[in-house]
Protein chains: 2
Amino acid sequence: MKVLITGGAGFLGQKLAKQLLARGSLKDSDGVDQKIDQLLLIDVVEANDFGDQRVKVIAGDISNPELMQQLITTEIQSIFHLAAIVSGQAEADFDLGMRINLDAARLLLEACRSAGHKPKIVFTSSVAVYGGTLPEMVLDTTALNPQSSYGAQKAICELLLNDYTRKGFVDGRVLRLPTISVRPGAPNKAASSFASGIIREPLNGKPSICPASPDLRIWLLSPRYAIESLIAGHDLHSSVLGLNKSINLPGISVTVGQMIESLRKISGDQVAARISVEPDSKVEAIVRSWPGAWDASRAKSLGLKADPNFESIIKAYIEDDLKS
Amino acid sequence: MKVLITGGAGFLGQKLAKQLLARGSLKDSDGVDQKIDQLLLIDVVEANDFGDQRVKVIAGDISNPELMQQLITTEIQSIFHLAAIVSGQAEADFDLGMRINLDAARLLLEACRSAGHKPKIVFTSSVAVYGGTLPEMVLDTTALNPQSSYGAQKAICELLLNDYTRKGFVDGRVLRLPTISVRPGAPNKAASSFASGIIREPLNGKPSICPASPDLRIWLLSPRYAIESLIAGHDLHSSVLGLNKSINLPGISVTVGQMIESLRKISGDQVAARISVEPDSKVEAIVRSWPGAWDASRAKSLGLKADPNFESIIKAYIEDDLKS
């Protein structure tokens, strides 16, 4: 089978690609394991191909209709659609967010529909689809009420994917990801960028400004479990998804203060002292609109899992990314 | 002020136009009454102008970007966006539904954004945004889970309108309409067309096939109260709408059997005998996915109202439309 990852040069795309290459197969729509013959990574920049002959790297714009039509042939049996403009940037540049987060997703769905072979698609969505006045525990039945353009665009894509799936154009599923921490690499324009930065930078000997108050509660997942969830979510049979293909993934609920204390416990006072808490109302306005926790019992009943606690997330970062 | 009604030749558009002309004013975003100097009615066919000099009729396609840019000048202070491809037709012709129900709505919002004057916009949404496994009473906080393309397109427009409003591009509000009964005129391709037909046709001496079982529960509103709600919803100040601009309008909850019995009570056995109940699984699949009732306490607290009962709906049809 051929597998396509959009946003394939991003950190999740690269980790997913590595894991898929190691694993070598995915389940098709009938639940049968299929060997991965080719893995296409598309992104605005050239992705790393890990020197693996199965990888084909494409640098291109996913909001280009011709490119998408060309790319999505009947040979592409599975698609992981990870490409996105992050929350802070989509809020600052409305048109760019609409073009990549909404229009490109629709082009992808239309290209699949026109190819006509009903590929599996995994869409990643986000805590940002929730907002406004939220119950203490967000349920699967809680209304989406995004308070950012990023969240609105993700929520719209969820509706599109659900309808394209209901119509039989694709075999889709939406995985709503918690905020991912600890992301390796540089800070980005996501409002939640600090949720990685306050751990990553101190561990790398650098200072980090934390723009959120210690009481702010966040719903988190490590990159390791995010990748596990993407693959396990892909492999689910459509029949277990019922009438709503959007799944709230398991995560852990911690406050910013607890995150800092976990770092102190693992790496000591000197490392934790590299964090300066300087609340920024713009960042807080976005991140506080997201749920600090949601009920993930549906996902758990489908076999999806999260990290046991935040300390294990820090340890996973140290093992997987700090030395690399 | 200039007011635009899309779908202005439709039955709701025409009734709304008549009512606005009689009333002569609407509240602007500051809550100040403004005289209506011009009422633009756009539709694919030429609307009736009622011989009123304030009315300007435009026959055109609202999915034409140039036309929408031309139409939406800074002089248009209020827009009622009623144009839509109805549920049954949007299900049968996916592309047409997407073009009119989604793309045209987005063009409208973009034209407003580019004009830059933040007009008031009333979007009509529908019971069809709900679906799947529903609680007995749908609440404002119940997740949208449309099971038709029409419902998905309406839900997407709700998200767009909410985000364009949050960003300050428009002063928008979404009114989720119950199924409207009794619509005058001919049957249409809405899955809910029968909810008018089973009353209208017998009262006009014609037979009517009812494709729904007597136990099917529907959430209804008369055209009279729908128009009242559209105007009252328009006139609400944005500050009372909070972080979610979508309002579940009041209605009444009746079964198909109760509707038939109400007709019998008002017009006698002979009239009611013109209905033949012949359940159609395709119609039922769509209509059963919609809530038979929702909690409208938010709308009621904002002063919006519904018919007292179904008999008064039949009487309103007889008064307003049967003789005309």
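Counting other C-beta atoms within 10 Å, which of B:6, A:133 has the fewest, and how do the rest follow? Numbers along the way, then the final one.
Numbers: B:6 25, A:133 10.
In increasing order of surrounding Cβ atoms, one gets A:133, B:6.
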Report the residue, chosen from B:195, B:115, B:306, that carries the largest GNM mean-square fluctuation when chain B is represented by alpha-carbon nodes joined by springs under 10 Å. B:115
Taking a ≥ b ≥ c as the square roots of the eigenvalues of the Cα gyration tensor of region A:201-248, is the shape rounded (a/c under 1.5), prolate (a/b larger than b/c) or oblate? oblate
Determine, at each q value in 0.14, 0.16, 0.21 (inverse angstroms), the log₁₀ of I(q)/I(0) that the Debye formula gives when each Cα of region A:112-181 is one equal point scatterer. -0.48, -0.60, -0.89
Alpha carbon centre of region A:20-55 versus region A:264-316: separation in Å? 30 Å
Vicinal HN-Hα couplings computed from phi for region A:113-119 (Karplus, 6.51 cos²θ - 1.76 cosθ + 1.60; Hz; Gly/Pro x): 4, 6, 5, x, 9, 6, x
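Quick one: Cα convex hull volume of region A:280-324, Å³ per residue? Please list the in-between numbers first.
Values: hull volume 6.0 nm³, N = 45.
Spelled out: Cα convex hull of region A:280-324, divided by residues, is 133 Å³.
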So for region B:1-40, Kirkwood radius off the Cα pairs, Stokes-Einstein at 37 °C and 0.692 mPa s: how many µm² s⁻¹? 316 µm²/s
Crossing angle, helix B:256-267 versus chain B [Cα axis fit, 0-90 degrees, rounded to tens]: 80 degrees
Just to confirm a number: summing +1 for Lys and Arg and -1 for Asp and Glu over residues other than residue A:9 whose beta-carbon lies under 9 angstrom from that of residue A:9, what do you get? -2
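Return the ratio Rg/(2.2 N^0.38 Å) for chain A, where Rg is computed over Cα atoms only. Write down the numbers at each step before the final one.
On the way: Rg = 18.9 Å, N = 324, 2.2 N^0.38 = 19.8 Å.
Chain A yields a ratio of 0.96.
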Only helices counted: for the protein assembly as shown, with every DSSP H run of 4 or more residues adding -39500 (n - 2.57) and the sum spread over all residues, [θ] at 222 nm is -10500 deg cm²/dmol
By what distance, in whole Å, do the Cα atoms of the protein assembly as shown stretch along each of the three principal axes, largest value first? 83, 54, 43
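Starting from the exponent 0.38 and prefactor 2.2 Å, build the expected Rg for region B:1-68 from its residue count and divide its actual Cα Rg by it.
On the way: Rg = 12.1 Å, N = 68, 2.2 N^0.38 = 10.9 Å.
Ratio of Cα Rg to 2.2 N^0.38 Å: 1.11.
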Direction-averaged shadow area of the convex hull around the Cα atoms of region A:1-146, nm²? 10.1 nm²
Mind checking the angle between helix B:194-203 and chain B's longest principal axis? C-alpha axes, 0 to 90 degrees, to the nearest 10. 60 degrees
Can you give me the pair-distance distribution of region B:233-324, C-alpha pairs, 10 Å bins, whole percents? 13, 32, 33, 18, 5, 0
Please arrange B:121, A:180, B:58 by how many other C-beta atoms lie within 10 Å of their C-beta, fewest to most. B:58, A:180, B:121
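Coordinate-derived values only; no laboratory data. Just so it is clear, the model here is predicted, and its values are computed rather than measured. Neighbour counts are summed over all protein chains in view; Cβ atoms, including those assigned to glycine, are modelled from backbone coordinates with ideal geometry.
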